[in-house]
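The values are calculated or read from the model by the stated rules, or taken from the named source; none is laboratory data. In this text the structure is predicted, and so the values were computed from the model without any measurement. We place every Cβ from the backbone using ideal geometry, glycine too, and count neighbours over all the protein chains shown. In case anyone asks, the SASA skips ligands and DNA or RNA and just uses the protein heavy atoms, side chains included. Shrake-Rupley method; radii C 1.70, N 1.55, O 1.52, S 1.80 Å.
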Amino acid sequence: MSKAFLDARNLLCPLPVIRVQDKVKQLQVGDVLEVVCTDPGVMQDIPAWSRINGHQIVETECRDSEYFITLTVGT
């Protein structure tokens, strides 16, 4: 298992989800991806995309107007 980070700050919908999708394609099942964004819509969009595509949200957090989402890559 490896960890990866994606900086999607200053991107608006749908770009954060597209960047997550592109990054996940580079990872293996069980890898962890932490994403940081500034668009509050990602708090619904990325978890919904993850459910549809078989990935698991581990944690979501908002700090200082930045949104952090951690997910585990599924099959």
| Given the protein chains as shown and a 1.4 Å probe, how many square angstrom of Lys25 are accessible, to the nearest 10? | 150
| query | Looking only at Val35, Val20, Val58, which one moves most when the chain is put into a Gaussian network model with springs between Cα atoms under 10 Å? | reply | Val58
| Asp64 label point, 7 Å along Cα→Cβ, cut-off 19 Å on backbone N: hits in the range 29-54? | 34-40
| task | On a 0 to 90° scale, report how tilted helix 15-24 is relative to the longest principal axis of the chain, with both axes built from alpha carbons and the result rounded to the nearest 10. | result | 20
| What fraction of the DSSP beta bridges in the chain is antiparallel, stated in percent and rounded to the nearest 5? | 70
| Charge dipole (the range 12-75, unit charges on Cβ, about Cα centre) - positive-most of Met43, Gly54, Leu71 | Gly54
| When averaged across all projection directions, what area in nm² does the alpha-carbon convex hull of the chain cover? | 4.2
| task | Can you sort Thr75, Thr60 by 1.4 Å-probe accessible area, starting with the largest? | result | Thr75, Thr60
| remark: In this structure, the FRET efficiency calculated for Asp22 and Ala48 from their beta-carbon separation, with R0 = 22 Å, to the nearest 0.05, is 0.80
| Given R₀ = 22 Å, FRET efficiency for Leu12-Ile57 by Cβ-Cβ distance, to 0.05? | 0.60
| request: Enter the accessible area of Leu15 (Å², nearest 10), with the probe set to 1.4 Å and all protein chains included. | output: 70
| request: Quick one: pull the percent of accessible area on the range 1-56 belonging to carbon and sulfur, 1.4 Å probe, ligands and nucleic acids left out. | output: 52
| Max mean-square fluctuation residue, GNM over the chain, Cα-Cα springs under 10 Å, options Arg63, Arg19, Arg51 | Arg63
| note | Treating only Lys and Arg (+1) and Asp and Glu (-1) as charged, each at its beta carbon, one finds that the chain has a dipole about its Cα centre, in Debye to the nearest 20, of 240
